[in-house]
């Protein structure tokens, strides 16, 4: 009889049942979609960060920020006899490997110090550098047609009347990262090998490199070719690509750390230490310990690194966490309030019915169970509808798979130059502002999301049933029957 | 078909010094003023009187829907005035059948399901419930309308379903509050015939009514005016 009465009552009050169920469905669907999108955004941010900082990096340690102008700029000095002169034109060419200037380097022993800290699972150091090549042509003065006299010695003098005699120069750059070939964390942990082989511990001291696939394609490099780094020919032994098809790796060229240090002439230093904590619960404590051990250094967690992510992914993240979360909360509260109010008003409208049931012998408990059951059924209806709607929303997001731009700020990590042959001053002197890439936004379906939907539906039903049942139980049968006499 | 009435004591109800007062908008209303009354088992009693005289209050007291402000209302061995809510609920479920002026059927349930609602608190097995529902509807002549909803039945038929619901539990007493108040003459007589037949089988019947045609059918007639009961059977 319980089930029959319940079904008939819900069917008999279709409008109320539909309103409550639809309200709950919309709220639940919104919660599901917002939750899934949040998870998707987190995954996208992690993907973006991992292409820069590697998989498994929980913390990064970098040196103190330098003052503007500190550390000097890159200089290219040419002697009078430098370059090759042909037909009156001197061709000049010089490469320099320069370290990041925004932050002071860390002594390489910092890696060992950090690795010895309690709670640290692994640590590795990397040296971010930029290889800059200055090249150009200078015509020799005094050998140009139409000029007389010797070439000026003071470097000044009047320009030739006919406009001849200018030179042309260009600066090309690409990013270089010196890494520990045997490390399990760090930027190279987020790459896949496209061709050749990866760097290994045996490559220490060897002039070998692996090259980012995008850079290799633009520079026309293949396994077996050589790439000039600071004037030294380094053999390409492997091509690597980001684990994400839409992202590039952290640098253009990867060298063994000791080779990078030697070619840059910076000594036994690193620019970043990548740290993996023993567990995600320990990250905060490890961060504090490292900061205490290295007061001059900057220790950043992944969540702090995530704040450096900009671009449309960052906008999407803000929108979901601010607008999306608040909107779904408000809609949920409204839906729950609707369910409770409709149930209470339904009980009020059924005063005679409940009074009659009490008169024919129904106990308060039996009546409360009936009201609670009806509310729970409405809640579950809303829950199922919300789940279907929410899963449909997630499916839609995954079918559309919007592409979002991501720029991960590299002020605390390795820098990237513009990289292409033929110049490109995008990276230029110093560091690129950010590494731009694109990630595809997906909304994953997780069991937690499904459970949350069911939980909210049940909660809505239980709340409404509790209020309604309480109202029904308070009805005195005599008063109920008297009120409609 | 007979209504099985378990052997009970000779007196069904004993009321001693029953009063009932209400607070209504700063006023104290005395609905019942020291009612003393005995109703025998198997009796057919009507209660008449002017509107506001306390008839419905008395019926609700007899139906264990309400407690007196003072005095005793004894049904069998239980004093309704002192019983717990659980005991009262039990009394209403097992011993007392109630029929209302407005029928008070649940509109979304069929006739059979409405009758079954009266058996719900008894905890009977399905077969026994089905048997009692069929027996009760047959007794009131509606076995062929078991699957009809109240909206598909006439007023008289609805009241007969209500009577079936009240009697399916085989109560000690049937209380009826203006059972023919919403019915025309023909239906009224139809209902009275049903009630008389039940009474003839031994069911104690107490009917509140304005209708003297109904009162004339009773074996005993009471009048309740300003909370005071007088026996007007011989009047």
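Within region A:372-381, the only residue that satisfies the criterion of being within 14 Å of chain B (Cβ to nearest Cβ) and buried (at least 23 other Cβ atoms within 10 Å of the Cβ) is A:374.
Test residue A:348 against the criterion of being more than 13 Å from chain B (Cβ to nearest Cβ) and closer than 17 Å to residue A:30 by Cβ, and give yes or no.
Against the criterion (more than 13 Å from chain B (Cβ to nearest Cβ) and closer than 17 Å to residue A:30 by Cβ), residue A:348 does not qualify.
Of everything in region B:45-64, what is more than 18 Å from residue B:23 (Cα to Cα), modelled with pLDDT under 90 and in contact with a helix residue (DSSP H, G or I) (Cβ under 9 Å, 6 or more places away or on another chain)? Give them in sequence order. Result: B:49, single match.
Look at residue A:114 and say whether it is at pLDDT 85 or above and in the same structural domain as residue A:252 (by TED's automatic domain parsing). Yes: the conditions hold for residue A:114.
Pairing residues of region A:106-123 that are under 15 Å from residue A:297 (Cα atoms) with residues that are buried (at least 17 other Cβ atoms within 10 Å of the Cβ) and modelled with pLDDT under 90, at Cβ distances under 6 Å and at least 6 apart in sequence or on separate chains, gives A:106/A:63.
Can we say residue A:386 is within 14 Å of chain B (Cβ to nearest Cβ), at negative phi and either outside any helix (DSSP H, G or I) or crowded, with 18+ Cβ neighbours inside 10 Å (or both)? Spelling it out, it is not the case that residue A:386 is within 14 Å of chain B (Cβ to nearest Cβ), at negative phi and either outside any helix (DSSP H, G or I) or crowded, with 18+ Cβ neighbours inside 10 Å (or both).
Restricting region A:324-347 to residues that are touching a helix residue (DSSP H, G or I) at 6+ places or on another chain (Cβ under 7 Å) and under 27 Å from residue B:103 (Cβ atoms), which is surrounded by the most Cβ atoms within 10 Å (Cβ to Cβ)? This residue is A:343. Would it be correct to say that residue A:356 is crowded, with 22+ Cβ neighbours inside 10 Å and either more than 10 Å from every other protein chain (Cβ to nearest Cβ) or more than 22 Å from residue B:177 (Cβ to Cβ) (or both)? In short, no. In region B:102-114, the qualifying residues are those that are closer than 24 Å to residue B:60 by Cα and within 8 Å of another protein chain (Cβ to nearest Cβ), and the one that is surrounded by the most Cβ atoms within 10 Å (Cβ to Cβ) is B:104. Taking region B:107-141 as the range and being in contact with a helix residue (DSSP H, G or I) (Cβ under 7 Å, 6 or more places away or on another chain), in a loop (DSSP other than H, G, I, E, B) and more than 27 Å from residue B:41 (Cβ to Cβ) as the test, the residues that pass are B:107, B:108, B:109.
Being crowded, with 17+ Cβ neighbours inside 10 Å and within 12 Å of another protein chain (Cβ to nearest Cβ) is the filter here, so list the residues in region B:115-149 that pass it. Of everything in region B:115-149, those that are crowded, with 17+ Cβ neighbours inside 10 Å and within 12 Å of another protein chain (Cβ to nearest Cβ) turn out to be B:115, B:116, B:117, B:118, B:119, B:120, B:121, B:129, B:133, B:149. Filtering region B:67-78 to residues that are over 18 Å from residue B:57 (Cβ atoms) and out of contact with any helix residue (DSSP H, G or I) (no Cβ under 8 Å at 6 or more places or on another chain) leaves B:76, B:77.
With respect to being out of contact with any helix residue (DSSP H, G or I) (no Cβ under 8 Å at 6 or more places or on another chain), facing chain A (nearest Cβ under 10 Å) and either within 27 Å of residue B:152 (Cα to Cα) or surrounded by 22 or more Cβ atoms within 10 Å (Cβ to Cβ) (or both), residue B:86 falls outside the description. One residue stands out among those in region A:1-26 that are exposed (fewer than 14 other Cβ atoms within 10 Å of the Cβ) and touching a helix residue (DSSP H, G or I) at 6+ places or on another chain (Cβ under 9 Å): the one that is farthest from the other protein chains (Cβ to nearest Cβ), which is A:3. Evaluate region B:55-78: report whether one residue or more is surrounded by fewer than 22 Cβ atoms within 10 Å (Cβ to Cβ), more than 18 Å from the chain's Cα centre (by Cα), within 26 Å of residue B:156 (Cβ to Cβ) and within 14 Å of chain A (Cβ to nearest Cβ). Scanning region B:55-78 turns up no residue that is surrounded by fewer than 22 Cβ atoms within 10 Å (Cβ to Cβ), more than 18 Å from the chain's Cα centre (by Cα), within 26 Å of residue B:156 (Cβ to Cβ) and within 14 Å of chain A (Cβ to nearest Cβ).
Among the conditions (1) more than 14 Å from chain B (Cβ to nearest Cβ); (2) more than 15 Å from residue A:22 (Cβ to Cβ), the only one that residue A:364 does not satisfy is (1). Meeting the requirement of 3 or more residues that are touching a strand residue (DSSP E or B) at 6+ places or on another chain (Cβ under 8 Å) and over 15 Å from residue A:130 (Cα atoms), the strands (runs of 3 or more DSSP E) wholly within region A:185-255 are A:191-196, A:232-242.
The values are calculated or read from the model by the stated rules, or taken from the named source; none is laboratory data. Keep in mind that this is a model prediction, so the values were computed, not measured. As a convention, Cβ positions derive from the backbone with ideal geometry for all residues, glycine included, and neighbour counts pool all protein chains shown.
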